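The values are calculated or read from the model by the stated rules, or taken from the named source; none is laboratory data. Fair warning: this is a prediction, and the values are worked out from it, not measured in the lab. For neighbour counting, all protein chains shown are included, and Cβ atoms are generated from backbone atoms with ideal geometry for every residue, glycine included. We work out accessible area using only protein heavy atoms, side chains counted, and drop any ligands, DNA or RNA first. Shrake-Rupley method; radii C 1.70, N 1.55, O 1.52, S 1.80 Å.
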Amino acid sequence: MKDQELKLKVEDALEEIRPFLQSDGGDISLISIDDGKTVVVRLEGACVGCSVNQMTLKSGVEMTIKKHAPQIETVINVE
């Protein structure tokens, strides 16, 4: 899969999960995709410092991204 195609798939995944984050006052931005396997995102707004943001990242964001782009192995949040 080409880099641009992969980026579009990841962006689609983020658009799918974004309304849930925004309903709690948060948001998410794509920072990079490294080696076609690792997605780097930044949780924003109310998601910063939220006690459940790691659970949201793994069970929500990572799962949704992997559904759209199965070759992604991990999702990392940077602050």
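Observations, loosely collected:
- Directionally averaged projected area (convex hull, Cα atoms, the chain), nm²: 4.4
- Sum of side-chain charges, residue 64 neighbourhood, beta-carbon under 13 Å (Lys, Arg +1; Asp, Glu -1): 0
- Fraction of antiparallel bridges per DSSP, the chain only, in percent to nearest 5: 65
- Radius 15 Å from Cβ of residue 17, net charge of other residues (Lys, Arg +1; Asp, Glu -1): -2
- Structure-based [θ]222 nm, the chain - -39500 (n - 2.57) summed over DSSP H runs of at least 4, per residue, nearest 500: -11000 deg cm²/dmol
- Take the chain with all the other protein chains still there, run a 1.4 Å probe, and you get 59 Å² of accessible area per residue.
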